[in-house]
1. Find how much the distance from Ala153 to Trp3 grows on full extension, using 0.36 nm per residue of separation minus their present alpha carbon separation; answer in nm with one decimal.
2. Counting only protein chains, not ligands or nucleic acids, how are Trp16, Trp3 ordered by accessible area (probe 1.4 Å), most first?
3. First check a/c for the range 77-185, with a ≥ b ≥ c the square roots of the eigenvalues of its C-alpha gyration tensor; if it is under 1.5, answer rounded, and if not, answer prolate when a/b is larger than b/c or oblate otherwise.
4. State which stretch of the chain is the longest one without any exposed trypsin sites (Lys or Arg not before Pro), exposure meaning a DSSP loop state and at most 16 other Cβ atoms within 10 Å.
5. From the mean inverse distance of alpha carbon pairs (Kirkwood) and the Cα radius of gyration, derive Rg over Rh for the chain.
6. Roll a 1.4 Å probe over the protein heavy atoms and report the accessible area of Asp126 in Å², nearest 10.
7. Tell me the net charge near Val161. Cut-off is 15 Å between Cβ atoms, Val161 excluded, with +1 for each Lys or Arg and -1 for each Asp or Glu.
8. When the accessible area of the chain is computed with all protein chains present and a 1.4 Å probe, what percentage of it is carbon and sulfur?
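The values are calculated or read from the model by the stated rules, or taken from the named source; none is laboratory data. Bear in mind that the values here come from a model prediction, so they are computed numbers and not experimental data. Quick reminder, even Gly has a Cβ in these numbers, built from the backbone with ideal geometry, and neighbours come from all protein chains shown. Quick note on the areas: whole protein, heavy atoms, side chains included, nothing else; ligands and nucleic acids left out. Shrake-Rupley method; radii C 1.70, N 1.55, O 1.52, S 1.80 Å.
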Amino acid sequence: MRWTVHGEHTLHDTPWVRLRSLDVERPDGTRGDYHVVRLRDLAVTAAVDEHRRVLMMWRHRFVTDTWAWELPMGLVEDGESAAGAAARELEEETGRRPRPDSLRELVYAQPAGGITDSQHFVFRADGCVRVGEPTEQNESDRLEWIPLTDLPAMITRKEIVSSATLVGVMALLLDLGTRAAPHGA
């Protein structure tokens, strides 16, 4: 059931979005155009404090005209590692820096593998240090430490809707549940 790509050409190209038309051969032997959106990778950070709370941002997304809670996140720049981008975005958006030994990959996701090649890397950071005010002024209305126990109800109420944030907080809850489970359970 493997598809074969015979060629690709550009339909639209910006630093943010690259729309391509691919000449594909489907498993049944038919050939045709298939449109793909090529996007930069995304790095996300779930910063957790000693009180079992996660740092979240209250944001307006003008494309969908919605307000919701999100984890700090941003695009991975050319030549930058996903972990480096996660740490940089956390600091720019919240004024907090993860301890170098605390940042670890929590989960990896491909949000829409049928139409885009974007990869999402979600990291967990424990014990972040406040280094100043956020330097990115256009990201959020406010920052808040949200108790992890509040997350499921927030998802149900559609207060968390970003797929990168949803994947991140659900992985965080699974990670904490696994770590909290008795050995051998």
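1. The Ala153-Trp3 span can extend by a further 49.9 nm.
2. Order by accessible area, largest first: Trp16, Trp3.
3. Taking the square roots of the gyration eigenvalues as a ≥ b ≥ c, the range 77-185 is rounded.
4. 53-156
5. 1.04
6. 40
7. Counting the neighbours of Val161, the net charge comes to +1.
8. C and S fraction of accessible area: 53 percent.
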